[in-house]
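In what follows, a structure is listed as structure tokens, so that the remarks can point back to it.
The values are calculated or read from the model by the stated rules, or taken from the named source; none is laboratory data. Bear in mind that the values here come from a model prediction, so they are computed numbers and not experimental data. Every residue, glycine among them, receives a Cβ derived from its backbone with ideal geometry; neighbour counts consider all protein chains shown. Just so you know, the surface numbers come from the protein's heavy atoms only, side chains and all, with ligands and any DNA or RNA stripped out. Shrake-Rupley method; radii C 1.70, N 1.55, O 1.52, S 1.80 Å.
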Amino acid sequence: EQIAIAMMYAYLAFIAISLAANYFILKRIFTPFYKTLKELQRYSINSMSELSFTKSNTIEFNQLNNVLNEMSKRLLSDYKNIKEFNENASHEIQTPLTIIRNKLELLMQNSELKEEEAELIGASYEATNRLSKLVQSLILLSKIENDEFKSSVPIDLSKLTERLLLQMKEEFSLKNIDVSLKCQEIFSAVIHPMLAEILIRNLFSNALKYTQEGGSIEVYCAQNKIEIRNSGSPLGFDPDRIFKRFFYAGNSNVSQGIGLSLAKKIADTFFIRLQYSYVAGFHTFTLSK
């Protein structure tokens with residue numbers, strides 16, 4: 001019985017020593033692997049630098065590091081090419097669009113134009129403006145997805161909402177839209193200042209676009225949310241698709257555009273919830289934390 005007890009303790013001690021030995025040996029062997037893992041977790045392609053790993057005594061880990069190095073070089077090269085393309089596209093497309101717009105403005109000032117000619121020039125001018133805004137929005141989306149907007153600060157979105165609503169007052173008046181504003185408390189969020197303005201402005205532009213003449217827009221600000229409501233008929237498509245860019249509803253040949261998609265992308269990037277609902281004849285877009 002004593003021999004059995006002694007052997008049991010010896011067996012348990014052997015297991016404990018084996019486990020401890022395996023732990024320390026494996027930890028030492030896998031040290032280069034964990035270093036590689038930490039380097040990957042810290043890496044950001046926006047740093048525009050290649051990955052750098054410590055050389056290991058293990059052949060397999062060195063092979064892994066070499067493969068990761070090559071992959072980072074290809075990713076960095078592709079990222080630089082895409083970024084350069086976006087910058088070039090923005091400049092090269094905007095320049096001729098500006099020239100076209102200026103030429104059309106000169107033509108519109110010609111008093112000898114016939115009514116049909118004036119309408120054609122006006123339609124071309126509006127299409128040029130839409131194309132220019134579309135290019136700017138696509139470039140902005142690309143920059144947001146590449147995480148190029150780092151300087152986020154606390155922004156009072158309720159005060160920004162009041163200011164933008166005042167700026168767009170004349171646009172609402174042209175459609176005879178009744179606008180009401182009720183801000184009870186401050187709603188703030190950490191967001192890039194320029195993107196915050198684009199977010200709110202796009203929601204207002206959407207409300208202006210889809211509110212019929214003589215309709216109404218209601219804006220409500222609270223501590224935890226901002227609601228922008230506009231009167232109108234129910235959607236003719238699935239509400240879940242309202243934030244999808246260039247979505248065509250039903251048999252319509254006019255897409256929903258990119259404004260709401262851009263607003264959704266900005267909100268998601270800065271951890272703000274943007275939701276849509278239709279209640280009692282009002283389309284409601286809600287910003288909340």
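Relative contact order, percent, of the chain when contacts are C-alpha pairs under 8 Å separated by at least 6 residues?
On the way: 320 pairs, mean separation 34.3, N = 289.
Relative contact order here is 12 percent.
In 10 Å bins starting at zero, report the fraction of Cα pairs in segment 180-289 per bin as a rounded %.
Whole-percent P(r) values from 0 Å outward: 14, 47, 32, 6, 0.
Quick one: net charge of ILE99's neighbours, Cβ under 15 Å, K/R +1, D/E -1? Provide the component values of the computation, followed by the final result.
Values: positive: ARG101, LYS103; negative: GLU92, GLU105.
Taking every Cβ under 15 Å from that of ILE99, the sum is 0.
Debye sum, Cα scatterers, segment 1-141, no solvent: what log₁₀ I/I(0) at q = 0.11, 0.18, 0.19, 0.21 1/Å?
For the requested q values the scattering log ratios are -0.72, -1.04, -1.08, -1.17.
Find the centroid of the Cα atoms in segment 12-69 and in segment 86-118, then give the distance between the two in whole Å.
If you average the Cα positions of each part, the centres end up 60 Å apart.
If you keep only loop residues by DSSP, which trypsin sites (Lys or Arg not before Pro) in segment 128-225 have at most 15 other Cβ atoms within 10 Å of their Cβ? Before the final figure, lay out each step's value.
On the way: sites: ARG130, LYS133, LYS143, LYS150, LYS159, ARG163, LYS169, LYS175, LYS182, ARG201, LYS209, LYS225; in loops: LYS150, LYS175.
Passing sites in segment 128-225 are LYS150, LYS175.
Compare the peptides 267-273, 36-42 by average per-residue count of other Cβ atoms within 10 angstrom and give them in order, highest first.
Details: 267-273: 16.0, 36-42: 11.9.
By packing density, highest mean first, the sequence is 267-273, 36-42.
Using the beta-carbon distance between ILE59 and VAL135 and R0 = 41 Å, what value does 1/(1 + (r/R0)^6) give for FRET efficiency, to the nearest 0.05?
Working: r = 51 Å, r/R0 = 1.23.
It comes out at approximately 0.20.
Can you give the local net charge around SER52? Use residues other than it whose beta-carbon is closer than 14 angstrom to its beta-carbon, Lys and Arg +1, Asp and Glu -1.
Working: positive: LYS35, LYS38, ARG42, LYS55, LYS73; negative: GLU39, GLU50, GLU70.
Around SER52, the surrounding residues sum to +2.
What residue among SER72, ILE17, PHE85 has its Cα farthest toward the positive end of the dipole of the chain, where the charges are +1 on Lys, Arg and -1 on Asp, Glu, each on the Cβ?
It is ILE17.
Helix-only mean residue ellipticity at 222 nm, the chain, DSSP H runs n ≥ 4 weighted -39,500 (n - 2.57), per residue, nearest 500. What is it?
After summing the helix terms and dividing by residue count, I get -20000 deg cm²/dmol.
How far is it, in nm, from the label point at LYS209 to the one at LEU12 when both lie 7 Å from their Cα along the line to the Cβ?
Roughly 7.4 nm, to one decimal.
With a 1.4 Å probe and every protein chain kept in, tell me what percent of the accessible surface of the chain is carbon plus sulfur.
On the way: 10640 of 19000 Å².
Carbon and sulfur atoms account for 56 percent of the accessible area of the chain.
Treat each spin label as a single point 7 Å out from the Cα along the C-beta direction, and report the LEU106 to ILE3 distance in nm.
About 11.2 nm, to one decimal.
Hydropathy first: keep DSSP H helices in the chain averaging at least 0.5 on Kyte-Doolittle, then drop any whose Cα extent along the axis falls short of 24 Å, and list what survives.
Details: long enough: 2-29 (40 Å, 1.44); 59-108 (73 Å, -0.51); 115-145 (45 Å, 0.00); 193-210 (26 Å, 0.55).
Once both thresholds are applied, what remains is 2-29, 193-210.
Return the long-range amide H neighbours of VAL179 (sequence gap of 5 or more, or a different chain), with a cut-off of under 5 Å between placed amide H atoms.
ILE217
Which percent, to the nearest 5, of DSSP beta bridges fully inside the chain are antiparallel? Let's see the in-between values first.
Details: 24 of 30 bridges.
Percent antiparallel among DSSP bridges in the chain is about 80.
Using a Förster distance of 30 Å, how high is the FRET efficiency between GLU126 and MET194, based on the Cβ-Cβ distance and rounded to 0.05? Can you show the working numbers first?
Values: r = 25 Å, r/R0 = 0.85.
About 0.75, to the nearest 0.05.
So for segment 1-99, averaging the separation of alpha carbon pairs under 8 Å that are six or more residues apart and normalising by length, what relative contact order in percent results? Please list the in-between numbers first.
On the way: 31 pairs, mean separation 19.8, N = 99.
So the answer I get is 20 percent.
With N set to the residue count of the chain, report its C-alpha Rg divided by 2.2 N^0.38 Å to two decimal places. Write out the running numbers ahead of the final one.
Details: Rg = 29.5 Å, N = 289, 2.2 N^0.38 = 18.9 Å.
This ratio for the chain stands at 1.56.
State, as an integer percentage, the relative contact order of segment 107-235 based on alpha-carbon contacts under 8 Å between residues 6 or more apart. Display every interim value, and only then the final one.
On the way: 143 pairs, mean separation 30.2, N = 129.
Relative contact order comes out at 23 percent.
Using Stokes-Einstein with the Kirkwood hydrodynamic radius over Cα pairs, what translational diffusion coefficient do you get for segment 122-167 at 37 °C and a viscosity of 0.692 mPa s, in µm²/s rounded to a whole number?
Values: Rh = 13.4 Å.
Estimated via Stokes-Einstein, D reaches 245 µm²/s.
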